[in-house]
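Since the structure comes first, as C-alpha cells, the remarks are kept for the end.
Here, each number is a calculation from the coordinates, and none is a lab measurement. Bear in mind the structure is a predicted one, so any value in this text is a computation, not a measurement. Glycine also receives a Cβ, built like all others from the backbone with ideal geometry; neighbour counts cover every protein chain displayed.
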Amino acid sequence: MPMMTKGPVWTVILSLRREDASDLGYDSAESWRTLLLQHKTRLAQAMKIPVDDFRWCAAFHDEGYHPHVHMMVWSADGKHGYLNKTGITAMRSALTNTIFQDEMHNLYVKKDLA
C-alpha cells in the first residue's frame, strides 16, 4: 500500500559499525525491526505523534562497514509531529541504551568490583 500523508515525513538513519552490529546482534533486518517495534511508543512521544497515529517503515542495508536502517516516520492524520533536539536526544538515548545494554551492564559490574 503506498504511503499517503499530507503532513511531514521524517527520515531517520540508524547506523552501527560492522563489529558492533555483529557483536551486539544487529546485523539483520529482523533484529532492527524488533528494536524499532520495542521503542514505537518512545519514538512517537519524542516526535510528538500520538501512538495511535504513529506510522513508520524501514529498510535494512547490510553495508560492509556500517549496517544501517533507513526509517521513514509520519503521522497518520498528517496533523501531528514535531522533532527538535530534545526529541532527537530522547530517541538516540532510548535506542542506544537498548542496543548497548549488555555492554553497559558489564562495565557497571567491573566498576563495582574495582
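Using +1 on the beta carbon of Lys and Arg, -1 on that of Asp and Glu, and nothing else charged, what's the dipole of the chain about the Cα centre, debye to 20?
With only Lys, Arg, Asp and Glu charged at Cβ, the dipole is about 560 debye.
As I understand it, the value is the acute angle between the Cα axis of helix 85-99 and the longest principal axis of the Cα atoms of the chain; what does it come to in degrees, rounded to 10?
It is inclined by approximately 50 degrees.
Under the rule a/c < 1.5 gives rounded, and otherwise a/b versus b/c splits prolate from oblate, where does the stretch 1-97 land using the Cα gyration tensor? Display every interim value, and only then the final one.
Working: a/c = 2.26, a/b = 1.67, b/c = 1.35.
Prolate is the answer for the stretch 1-97, as a/c is 1.5 or above and a/b outweighs b/c.
Scan the chain and hand back the longest stretch that contains none of the trypsin sites (Lys or Arg not before Pro) lying in DSSP loops with at most 14 other Cβ atoms within 10 Å.
Details: sites that count: LYS6, ARG17, LYS48, LYS79.
Result for the longest clean stretch: 80-114.
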